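The values are calculated or read from the model by the stated rules, or taken from the named source; none is laboratory data. Bear in mind that the values here come from a model prediction, so they are computed numbers and not experimental data. Methodologically, a virtual Cβ is constructed for each residue, glycine included, from the backbone with ideal geometry; neighbour enumeration extends over all protein chains shown. Remember, those area values only see protein heavy atoms, side chains included, never the ligands or the DNA or RNA. Shrake-Rupley method; radii C 1.70, N 1.55, O 1.52, S 1.80 Å.
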Amino acid sequence: MQLFQTISPADNLVYCERYYTQDDELSGVLERARSAQALWKTSKLSERIEICERFLLYFELHADEIAMELSMQMGRPKSQAKNELVGMADRARYMMSIAERSLAPINIEDSTEFTRYIQRDPLGVVFVIAPWNYPYNTSVNSIVPSLLAGNCVILKHSSQTPLCAEQLYKAARSSGFPGGVFQYLHLDHQSTSKIIKDNRIDHVLFTGSVSGG
């Protein structure tokens, strides 16, 4: 097993250590996501919105702990780290507020002869590659709309901010997302590239210029 360390910019000391996910574990994560998505896509949008609201509540209830972790991982002052959590919630709630309108079918023609429309269906399993610099604001832009649309999400966060992935997972578990709907992986660049190419991944969302991207 390959160990990686997160060195805090605050004091240049090791803040946390984690093991990269092994190849034999990756297939299980992908299969759980695909199985969960078959049921998740049939859930009501109102139910998904309610779960996302509880997801945000987790961050509000644990804001001090999460802000301190964030500061130590990427070097931002704690006061600013808390502000990122506020921004994350604002972004998520806006996306939740427009979800019904944004995901509704688009009527093209409704006449005595034809009914034509564009229907928005879930893509399937979405792989999100998140950066370290705004680890919650950037990842929420992909995670929340993907889940609202009926997709399952697998998150790979930066090795500089691995605890952000774990906090997002804790929030998902505590808020009532069914098992397999939201998962995370700690991956190096080689394994990230392997996941991107896997045919069990239906869409990839990322920002940055790492070799995997």
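Look at segment 106-135 and say how many of its residues are open to solvent by 80 Å² or more (accessible area, probe 1.4 Å), hydroxyl-bearing (Ser, Thr, Tyr) and either assigned to a helix (DSSP H, G or I) or free of Cβ contacts under 8 Å to residues at least 40 places away in the same chain (or both). Talk me through it step by step, then tell me what you get.
Taking segment 106-135 first, the residues open to solvent by 80 Å² or more (accessible area, probe 1.4 Å) are 107-108, 110, 112-121, 123, 132, 134.
Those left that are additionally hydroxyl-bearing (Ser, Thr, Tyr): 112, 115, 117, 134.
From the residues that got through so far, the ones that are either assigned to a helix (DSSP H, G or I) or free of Cβ contacts under 8 Å to residues at least 40 places away in the same chain (or both) too are 112, 115, 117.
Residues in segment 106-135 being open to solvent by 80 Å² or more (accessible area, probe 1.4 Å), hydroxyl-bearing (Ser, Thr, Tyr) and either assigned to a helix (DSSP H, G or I) or free of Cβ contacts under 8 Å to residues at least 40 places away in the same chain (or both): 3 in total.
So which residues in segment 140-173 are more than 18 Å from Glu17 (Cβ to Cβ) and in contact with a Pro (Cβ under 8 Å, 6 or more places away or on another chain), if there are any at all?
Ala149, Gly150, Asn151
Before we move on, is Arg18 outside any helix (DSSP H, G or I), within 20 Å of the chain's Cα centre (by Cα) and either surrounded by fewer than 19 Cβ atoms within 10 Å (Cβ to Cβ) or at pLDDT 95 or above (or both)? Give the steps one after another, and end with the answer.
Numbers: outside any helix (DSSP H, G or I): yes; within 20 Å of the chain's Cα centre (by Cα): yes; either surrounded by fewer than 19 Cβ atoms within 10 Å (Cβ to Cβ) or at pLDDT 95 or above (or both): yes.
Yes, satisfied.
Can you run down the residue pairs with Cβ atoms below 7 Å, 6 or more apart or on separate chains, where the first is in segment 33-52 and within 17 Å of Val126 (Cβ to Cβ) and open to solvent by less than 20 Å² (accessible area, probe 1.4 Å) and the partner is aromatic (Phe, Trp, Tyr) and modelled with pLDDT of 95 or more?
Within 7 Å, the pairs are Ile51/Phe177.
Go through the residues of segment 68-76 one by one and say whether even a single one is open to solvent by 80 Å² or more (accessible area, probe 1.4 Å) and assigned to a helix (DSSP H, G or I).
Yes, there is a match, as at least one residue in segment 68-76 is open to solvent by 80 Å² or more (accessible area, probe 1.4 Å) and assigned to a helix (DSSP H, G or I).
Residue check: is Thr138 at pLDDT below 95, on the phi < 0 side of the Ramachandran plot and in a helix (DSSP H, G or I)?
Numbers: at pLDDT below 95: yes; on the phi < 0 side of the Ramachandran plot: yes; in a helix (DSSP H, G or I): yes.
For Thr138, the condition - at pLDDT below 95, on the phi < 0 side of the Ramachandran plot and in a helix (DSSP H, G or I) - is met.
Are any of the residues in segment 31-52 modelled with pLDDT under 95 and basic (Lys, Arg)?
no
Looking only at segment 180-209, count how many residues are in contact with a Pro (Cβ under 6 Å, 6 or more places away or on another chain) and assigned to a strand (DSSP E or B). First the steps, then the outcome.
So in segment 180-209, the residues in contact with a Pro (Cβ under 6 Å, 6 or more places away or on another chain) come out as 186, 207-208.
Among the residues that remain, those that are also assigned to a strand (DSSP E or B) are: none.
Final tally of qualifying residues: 0.
Check Ser79, Ser27 and return the single one that is at pLDDT below 95, of a type in the set (S, T, N, Q), closer than 30 Å to Lys194 by Cα and in a helix (DSSP H, G or I).
Among Ser79, Ser27, only Ser27 is at pLDDT below 95, of a type in the set (S, T, N, Q), closer than 30 Å to Lys194 by Cα and in a helix (DSSP H, G or I).
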